[in-house]
Amino acid sequence: MKKEAIVDRIEGKVAVLLTDDEEEIHIPAAWFDDMHEGMAIDMEFTENPEREKESMESAEDLLADIKKMNGIE
């Protein structure tokens, strides 16, 4: 998915972007060296099933460790 946005404003350390569909996206202003109001930003979002699987496995392992520490198995 691609999104085009314009930096609407900067609130402290957060840049507020507006898309063509009037959606607000909040990102750290530090992500770009020269973040400024009116700046045009193109973004592309892609799913990462492999990383999602790894994250789920890590969470399951952590939960198992917590249960083990508390005598729940």
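Quick look at the numbers
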| read-out | value |
| --- | --- |
| Matching residues in the range 8-61 - criterion: being polar (S, T, N, Q) and without any contact (Cβ under 8 Å) to a residue 12 or more places away in the chain | 48, 55, 58 |
| Strands (runs of 3 or more DSSP E) fully within the chain counting 3 or more residues that are surrounded by 11 or more Cβ atoms within 10 Å (Cβ to Cβ) and in contact with an Asp or Glu (Cβ under 9 Å, 6 or more places away or on another chain) | 2-11, 14-19 |
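All of the numbers you see were taken from the coordinates with simple rules; none came from a lab. Because the structure is predicted, anything quoted here is derived from the model rather than measured. Ideal geometry is used to build each Cβ from the backbone, glycine not excepted, and the neighbour counts take in all protein chains shown.
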